Amino acid sequence: RKEVEQDPGPFNVPEGATVAFNCTYSNSASQSFFWYRQDCRKEPKLLMSVYSSGNEDGRFTAQLNRASQYISLLIRDSKLSDSATYLCVVNPPGGGYNKLIFGAGTRLAVHP
Amino acid sequence: IAGITQAPTSQILAAGRRMTLRCTQDMRHNAMYWYRQDLGLGLRLIHYSNTAGTTGKGEVPDGYSVSRANTDDFPLTLASAVPSQTSVYFCASSDRSYGTGRTSTDTQYFGPGTRLTVL
């Protein structure tokens, strides 16, 4: 089983739609969780951290379910500019460094 | 310089040749990382450095070496390139060496990447 698993998509949605991605992780002791965004042929950039209480940043909402070991990202009122690959990232303990495990990503395509 | 820079942007290399990918950051971050990204796989850590003068092995270190002579630079060397090292390589840095939960200083910031093809 992969440490972090995501549906690769693509999710093809019209502008204005609401879309949600889920991600599961295997290490129950993981402490921090993030969503990164990666545009085609570009570097990953932090979109938002995921807190136990859930958090919202504008049109984006992230939630964590520790019992079921998954995190989610909800995008409301999708824009064309939201088209990208969304990477689920988990920070498990150990390793002796700021260890991040990346999912392979979920591709989102927003069309007019 | 603003953030992290990598050089070259892309490179085509003959198998067996030696190659060094350069990475420089100007944020005075103490920790730096090298990842490779392959289609269908998440970013995988090659090597890391928690502070100048120290390095460590990540998930896929074989065939690669690194050095950290100072805070700003973290070069990655392929001693004898093989076709399986064809990939996109990303350098990253973070203020903290260890993840501590919600602090933004745990965030890893990535360079623009180097696209390497080994023939």
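Structure values in brief
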| read-out | value |
| --- | --- |
| From A:TYR51, A:TYR25, residue being within 11 Å of chain B (Cβ to nearest Cβ) and under 15 Å from the mean Cα position of the chain (by Cα) | A:TYR51 |
| Leading residue by the ranking (farthest from A:GLY103 (Cα to Cα)) among those in region A:37-63 that are of a type in the set (Gly, Ala, Ser) and in contact (Cβ under 8 Å) with a residue 12 or more places away in the chain | A:SER52 |
| Subset of region B:57-99 (residues that are closer than 26 Å to B:LEU119 by Cα, within 14 Å of another protein chain (Cβ to nearest Cβ) and over 15 Å from the mean Cα position of the chain (by Cα)) | none |
| Hits in region A:61-112 - residues which are crowded, with 17+ Cβ neighbours inside 10 Å, among the charged types (D, E, K, R) and within 14 Å of chain B (Cβ to nearest Cβ) | A:LYS99, A:ARG107 |
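Taken together, the values in this text are just the output of simple stated rules run on the coordinates, not laboratory data. Just so you know, these numbers come straight off a predicted model, no measurement behind them. Counting neighbours? That spans all protein chains shown, and the Cβs are built from the backbone with ideal geometry, glycine included.
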